[in-house]
Amino acid sequence: MHLFAIPRSLNVERDTLALGYKGLPVEVTLIDPSDRERVRGVSGQELVPVLVDDDGTVLFDSPVVIEHIENRHPEP
């Protein structure tokens with residue numbers, strides 16, 4: 001999994017906590033909040049966090065990301 005994030009974002013923190021709780025390996029790319037070109041390129045929009053799952057699914061919006069994580073990895 002790959003997570004695109006900006007520093008000090010509460011939405012990013014929420015998703016990283018969920019990933020950590022599940023014990024899932026994730027690569028995190030921190031981006032400059034003033035330059036979201038990379039996020040637009042991956043997801044077609046500017047919001048973070050953006051999660052690219054191992055199966056290629058691209059998700060943004062923290063609650064959507066957490067729901068996806070829970071559905072794919074219900075334990076623990």
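The values are calculated or read from the model by the stated rules, or taken from the named source; none is laboratory data. In this text, all values refer to a predicted model and were calculated from it rather than measured experimentally. Neighbour counts are summed over all protein chains in view; Cβ atoms, including those assigned to glycine, are modelled from backbone coordinates with ideal geometry. The accessibility values were calculated without ligands, DNA or RNA, using every heavy atom of the protein model including side chains. Shrake-Rupley method; radii C 1.70, N 1.55, O 1.52, S 1.80 Å.
Please compute the modelled spin-label separation between Asp55 and Thr16, points set 7 Å along Cα→Cβ, answer in nm with one decimal.
Spacing of the two 7 Å Cα→Cβ label points: 2.7 nm.
To the nearest 10 square angstrom, how much accessible area does Arg72 have with a 1.4 angstrom probe?
So the heavy atoms of Arg72 present about 100 Å² to solvent.
With point charges of +1 on the Cβ of Lys and Arg and -1 on the Cβ of Asp and Glu, referenced to the Cα centre of the chain, which listed residue (Pro74, Thr57, Tyr21) lies farthest in the positive direction of the dipole?
Tyr21
What accessible area per residue, rounded to a whole number of Å², is obtained for the chain using a probe radius of 1.4 Å?
60 Å²
Got a sec? Which residues in segment 17-31 would a label at His2 touch, if it sits 7 Å along Cα→Cβ and we count backbone N under 19 Å?
19, 24-31
What does the charge count near Gly20 come to, summing +1 for each Lys or Arg and -1 for each Asp or Glu among other residues with Cβ under 15 Å from its Cβ? Numbers along the way, then the final one.
On the way: positive: Arg14, Lys22; negative: Glu13, Asp15, Glu27, Glu70, Glu75.
For residues surrounding Gly20, the net value is -3.
Taking the Cα atoms of segment 1-63, report the difference between the largest and smallest coordinate on each principal axis, in whole Å and largest first.
The principal-axis extents, from largest down, are 30, 27, 19 Å.
For segment 14-76, with all protein chains present and a 1.4 Å probe, just round the carbon and sulfur fraction of the accessible area to a whole percent.
About 54 percent, which is the carbon plus sulfur part of the accessible surface.
To the nearest 10 square angstrom, how much accessible area does Leu19 have with a 1.4 angstrom probe?
0 Å²
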